[in-house]
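Trainee: First, the structure itself, so that you have it in front of you.
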Amino acid sequence: MDGVHVFSAKIYKVGIIRFVDVPADVSRAVGEGAARVAVRGEVERVPVRTTLVSRGKCLYRMAIHGDIRKRLRVDAGAVVEIAIERDEDSREPMLPPALALALRNSPKAQAAYRGVTTAFRRQIVRYVTSVKQQTTLERRAAKLVRLLEQHKFTATRPKRRRKTTSE
């Protein structure tokens, strides 16, 4: 594969998430200064599709998800070999017909849906489709549209207004 970058990195922990730092030369080659970079590749020959996140100064870090760590039986402190390339494929989830119809009938909900991140849209679709019965799926789609119309989901949280001493 053309454009594949191979490197070894030590896993470290930030909060509950495990990361590896992407070397500077690889960061420059795949990132081009973007805040987030979609990549695909392998961690110790286990397929991975993830997003690199900025760690400042045009450098990136990559999360090592729990399913990969469990499969490889590694954790913080382990050194892993990684092969990645930029992923240009769409990450947009396929909408179930009931949700697509409900969104089509509500421009306000459709705009709110488009305003959230692709990852959050995937979670929404997963929630709506994780049912056994079509009636439940339709009920969840209708509920989701109502929530979107009420601006219950936003791409960023609104800033809280601070009280002043004069209030």
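Trainee: Out of the residues in region 52-75 that are at negative phi and in contact with a helix residue (DSSP H, G or I) (Cβ under 7 Å, 6 or more places away or on another chain), state the one that is surrounded by the fewest Cβ atoms within 10 Å (Cβ to Cβ).
Mentor: Residue satisfying both the conditions and the ranking: 75.
Trainee: Looking at (1) part of a strand (DSSP E or B); (2) surrounded by 14 or more Cβ atoms within 10 Å (Cβ to Cβ), find the lone condition where residue 49 falls short.
Mentor: If we test residue 49 against (1) part of a strand (DSSP E or B); (2) surrounded by 14 or more Cβ atoms within 10 Å (Cβ to Cβ), just (2) comes out false.
Trainee: Among the residues of region 88-99, which ones are in contact (Cβ under 8 Å) with a residue 40 or more places away in the chain and either buried (at least 17 other Cβ atoms within 10 Å of the Cβ) or assigned to a helix (DSSP H, G or I) (or both)?
Mentor: Those that are in contact (Cβ under 8 Å) with a residue 40 or more places away in the chain and either buried (at least 17 other Cβ atoms within 10 Å of the Cβ) or assigned to a helix (DSSP H, G or I) (or both): 96, 98, 99.
Trainee: Let me spell it out: the conditions are (1) under 22 Å from residue 118 (Cα atoms); (2) more than 16 Å from the chain's Cα centre (by Cα); (3) modelled with pLDDT of 95 or more, and residue 44 meets all of them except one. Which number is the exception?
Mentor: All conditions pass for residue 44, except number (1).
Trainee: Contact list please: Cβ distance under 9 Å, first residue in region 135-160 and not assigned by TED's automatic domain parsing to the domain that holds residue 103 and part of a loop (DSSP other than H, G, I, E, B), second residue of a type in the set (S, T, N, Q) and at pLDDT below 90, pairs at least six apart or on different chains.
Mentor: Final answer for the pair search is 155/117.
The values are calculated or read from the model by the stated rules, or taken from the named source; none is laboratory data. Just so you know, these numbers come straight off a predicted model, no measurement behind them. Note that each Cβ is placed from the backbone with ideal geometry, even for glycine, and that neighbours are counted across all protein chains shown.
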